[in-house]
1. When you scan segment 28-70, how many residues do you find that are in contact (Cβ under 8 Å) with a residue 60 or more places away in the chain, within 21 Å of Pro87 (Cβ to Cβ) and of a type in the set (A, V, I, L, M)?
2. Taking the conditions exactly as written (touching a Lys or Arg at 6+ places or on another chain (Cβ under 9 Å), among the polar types (S, T, N, Q) and either in contact (Cβ under 8 Å) with a residue 60 or more places away in the chain or closer than 16 Å to Pro320 by Cβ (or both)), does Asn220 satisfy them or not?
3. Take segment 127-176 and flag every residue that is touching a Lys or Arg at 6+ places or on another chain (Cβ under 6 Å) and either of a type in the set (S, T, N, Q) or without any contact (Cβ under 8 Å) to a residue 24 or more places away in the chain (or both).
4. Here is a list of conditions, (1) closer than 27 Å to Ile231 by Cβ; (2) modelled with pLDDT of 95 or more; (3) surrounded by 22 or more Cβ atoms within 10 Å (Cβ to Cβ), and Pro148 meets all of them except one; can you say which number that is?
5. Of these, Ala94, Ala79, which one is open to solvent by 10 Å² or more (accessible area, probe 1.4 Å), in a loop (DSSP other than H, G, I, E, B) and touching a residue at least 40 places away in the same chain (Cβ under 8 Å)?
6. Answer yes or no: is there a residue in segment 269-281 that is closer than 22 Å to Val129 by Cβ and out of contact with any Pro (no Cβ under 6 Å at 6 or more places or on another chain).
7. Can you name the residue in segment 305-332 that is more than 16 Å from Val192 (Cβ to Cβ), assigned to a helix (DSSP H, G or I) and touching a helix residue (DSSP H, G or I) at 6+ places or on another chain (Cβ under 8 Å) and is also most open to solvent (accessible area, probe 1.4 Å) among such residues?
Amino acid sequence: MVMTMGKFNDRRILVTGAAGFIGFHTAEQLLQAGASVLGVDNFTPYYDVSLKERRTDILSQHPGYSLARISIGDRPALAAAWRDFAPDTVIHFAAQAGVRYSIEEPEPYIDTNITGTFNLLELARHHPVRHFLAASTSSVYGANTQMPFAETQRTQTPMSLYAATKGATELIGHSYSHLYGIPTTFFRFFTVYGPWGRPDMALFKFAKAMLSGDPIDVYNNGEMARDFTYIDDLVAALIALADVVPGTTPVAGDTLSPVAPFRVVNIGGGKPTPLMDYIAALEAALGIEAKKNLLPMQPGDVLATEASPDLLRTLIGSVPTTSVVDGVRAFVDWYRSHHG
């Protein structure tokens, strides 16, 4: 989906986590479509901050972009930035990411993912917006084994604290939507990858290791599968969802709440790829055969993910379609141009 120039003229959109991988791409597309964007990011050193600074340099070239270097956990600073900007829409990505890191360092997940989201919802309560959109994750499906994952499945069996905090924000978001009439959409991401990705994610780590001649760690002996979602597909879908404001009339297969203008929706193509095929696509793009360090399953991980894309298709008329081969090649082109 290509953004129509001027589609978001006169829109004022607050994007949290704007220096992050998905927030950066989303903010850039909104700016190109004519929106004024306030990015909120505290540049946490969870990974190399210089990557966040380079993303920010690109966004800062747009006259419609402004940045608040604050934490969403800092309620007074967040409230001041909100009041000065007066957003009509919020797209909330800021979070402490990482399944395995949530086992090692749980506290930031409570402080950022839960308390930070609460602070934003409190502001939306007192300063109403047209639409409050927030990132969740496929990890909320946890121990579910019925594929594909449909938004109507129970999500009470999280396998990590990260997943638990994301599930909690969905519940908190629903309560605020019900109590205060905030039109709210939570979108569940499925293994997003592509240019400007996070260094802690598999594709980035694999490429770095392979180009250095080091082995890559392959968990569960490679017997895993993921519904990989290319970044451009994901951003196009969630920007389209920004104009699909939950109301009172459900569509076929909807998750629209019976008591609130609230829904959850998967953003995924519904085509899981075996991990070894994903690695093979990277090997082909780099022209290097990976040395594989086969390891057992990691705590908190799941064997497979697969999105049901039916609701997304109904709401916006399309679903992610970029193949892993094409998406991985685009990532490698970016990696080589930025890292040598």
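The values are calculated or read from the model by the stated rules, or taken from the named source; none is laboratory data. Predicted model only: the values in this text are computed from it and were never measured. When we count neighbours, we look across all protein chains shown, and the Cβ atoms used for this are built from the backbone with ideal geometry, even at glycine. We work out accessible area using only protein heavy atoms, side chains counted, and drop any ligands, DNA or RNA first. Shrake-Rupley method; radii C 1.70, N 1.55, O 1.52, S 1.80 Å.
1. Total satisfying the criteria: 2.
2. Values: touching a Lys or Arg at 6+ places or on another chain (Cβ under 9 Å): no; among the polar types (S, T, N, Q): yes; either in contact (Cβ under 8 Å) with a residue 60 or more places away in the chain or closer than 16 Å to Pro320 by Cβ (or both): yes.
Here the answer is no, as Asn220 does not meet what is asked.
3. Correct list: Ser136, Thr137, Ser138.
4. Condition (3) is where Pro148 drops out.
5. Ala94
6. Taking segment 269-281 as the starting set, the residues that turn out to be closer than 22 Å to Val129 by Cβ are none.
No: segment 269-281 contains no residue that is closer than 22 Å to Val129 by Cβ and out of contact with any Pro (no Cβ under 6 Å at 6 or more places or on another chain).
7. Looking only at segment 305-332, we keep the residues that are more than 16 Å from Val192 (Cβ to Cβ), and these are 308, 310-311, 313-318, 325, 329, 332.
This time we only want the ones that are assigned to a helix (DSSP H, G or I), so: 310-311, 313-316, 325, 329, 332.
Now drop any that are not touching a helix residue (DSSP H, G or I) at 6+ places or on another chain (Cβ under 8 Å), which leaves 315-316, 325, 329, 332.
Details: Leu315: 29, Ile316: 34, Val325: 80, Arg329: 111, Val332: 4 Å².
Across segment 305-332, the extreme among qualifying residues is Arg329.
Each row is one residue, and each column tells you yes or no for (1) in a loop (DSSP other than H, G, I, E, B); (2) among the hydrophobic types (A, V, I, L, M, F, W, C); (3) within 18 Å of the chain's Cα centre (by Cα).
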{"residue": "Ser102", "(1), (2), (3)": "no, no, yes"}
{"residue": "Asp111", "(1), (2), (3)": "no, no, no"}
{"residue": "Ile114", "(1), (2), (3)": "no, yes, yes"}
{"residue": "Ala135", "(1), (2), (3)": "no, yes, yes"}
{"residue": "Ala143", "(1), (2), (3)": "yes, yes, no"}
{"residue": "Met147", "(1), (2), (3)": "yes, yes, no"}
{"residue": "Gln156", "(1), (2), (3)": "yes, no, no"}
{"residue": "Ser175", "(1), (2), (3)": "no, no, no"}
